[in-house]
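This report concerns only the one structure given below.
The values are calculated or read from the model by the stated rules, or taken from the named source; none is laboratory data. It should be emphasised that the depicted structure is a prediction, and the values quoted were computed from it without experimental measurement. Note that we place each Cβ from the backbone using ideal geometry, even for glycine, and neighbour counts take in every protein chain shown. Just the protein is used for accessible areas: all its heavy atoms, side chains included, with ligands, DNA and RNA removed. Shrake-Rupley method; radii C 1.70, N 1.55, O 1.52, S 1.80 Å.
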Amino acid sequence: MEQALDFLRNHKEVAFATSEGNRPKVRLFQIMGQESTTLYFATSPQKAVYKQLQENPYVEILAMDGQVSVRCTGKVSFELEEEKKQWIYENNSVLRRLYSTYDGLAYFSLLLEEIDYYDLRPTPPLFRHFNLIEHTEGEGFVGERFSKKG
């Protein structure tokens with residue numbers, strides 16, 4: 001799992017999928033911080049994504065570089081301490097460039113529930129699945145059913 005988490009630390013731009021009604025909505029987001037299996041983000045409360053997350057807090061993200069990708073699912077929470085919000089704002093030049101003050105944004109965390117790691121470079125390609133709620137993992141090859149571990 002550390003390989004997948006390291007990949008996310010090094011690939012901050014992710015496809016971020018929410019739902020609007022019964023239709024998926026995907027946009028690019030930047031991971032603003034990471035503590036183990038918790039990711040941090042910020043958005044404007046005027047954007048549609050904010051309303052979508054209020055209505056359905058379950059999301060999926062995807063990071064990809066070449067033939068390696070990491071897909072994660074989880075639930076967002078808008079319950080962040082003020083110090084964390086300030087830290088996110090102060091440590092992200094994009095936010096400071098677009099917004100004059102930290103307190104006009106909606107900050108949220110994404111607690112990862114499942115992680116899929118795909119590596120298409122080896123033959124056969126590698127697939128690893130981590131269920132953080134059930135504390136299980138599985139591995140196998142892309143296109144095959146994987147074996148479940150512990």
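Given a 1.4 Å probe and every protein chain left where it sits, what share in percent of the accessible area of the chain is carbon and sulfur? All intermediate terms of the calculation are to be shown ahead of the outcome.
On the way: 4260 of 8780 Å².
After summing per-atom areas, the C and S share lands at 49 percent.
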Can you compute 3J(HN,Hα) from phi for each residue in the range 29-44, using the Karplus curve 6.51 cos²θ - 1.76 cosθ + 1.60 with θ = phi - 60°, rounded to whole Hz and x for Gly and Pro? 9, 10, 5, 8, x, 8, 10, 6, 9, 10, 10, 10, 9, 9, 8, 7
Taking amide H atoms as placed 1.01 Å from N in the peptide plane, list the residues 5 or more away in sequence, or in a different chain, whose amide H sits under 5 Å from that of Glu114. Thr73, Leu132
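Within a Cβ distance under 14 Å of Glu113, other residues only, what is the Lys/Arg minus Asp/Glu net charge?
Every neighbour counted, the sum reads -3.
I need the shape label for the range 1-102. Rule: rounded when a/c is under 1.5, else prolate if a/b > b/c, else oblate, with a, b, c from the alpha carbon gyration tensor.
Working: a/c = 1.61, a/b = 1.09, b/c = 1.47.
Taking the square roots of the gyration eigenvalues as a ≥ b ≥ c, the range 1-102 is oblate.
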Determine the sum of side-chain charges near Leu80: Lys and Arg each +1, Asp and Glu each -1, restricted to other residues whose C-beta is under 13 angstrom from that of Leu80. -4
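Probe of 1.4 angstrom, ligands and nucleic acids ignored: what's the accessible area per residue over the chain, in square angstrom? Don't skip to the end; give the middle numbers.
Working: 8780 Å² over 150 residues.
Ligands and nucleic acids excluded, the result is 59 Å² per residue.
Add +1 for every Lys or Arg and -1 for every Asp or Glu among the other residues with Cβ under 12 Å from the Cβ of Glu35, and state the total.
On the way: positive: Arg9, Lys84; negative: none.
Cβ neighbours under 12 Å give a net charge of +2.
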Span from the the range 86-139 Cα centroid across to the the range 49-75 one, whole angstrom: 8
Assign unit charges at the C-beta atoms only (+1 for Lys and Arg, -1 for Asp and Glu), then state the dipole size of the chain relative to its Cα centre in Debye, rounded to the nearest 20. 500
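Which whole-number percent gives the relative contact order of the chain, counting Cα pairs below 8 Å spaced six or more residues apart?
Numbers: 284 pairs, mean separation 30.1, N = 150.
Contact order relative to length: 20 percent.
Just to confirm the filter: which GluC sites (Glu not before Pro) across the range 1-89 are DSSP coil and have at most 10 other Cβ within 10 angstrom of their Cβ?
Values: sites: Glu2, Glu13, Glu20, Glu35, Glu55, Glu60, Glu79, Glu81, Glu82, Glu83; in loops: Glu79, Glu81.
Qualifying residues, ordered by number: Glu79, Glu81.
Out of the range 1-46, which chymotrypsin sites (Phe, Trp or Tyr not before Pro) are coil in DSSP terms and have no more than 12 other C-beta atoms within 10 Å? The partial results should precede the final answer.
Details: sites: Phe7, Phe16, Phe29, Tyr40, Phe41; in loops: none.
Loop-located and lightly packed - none at all.
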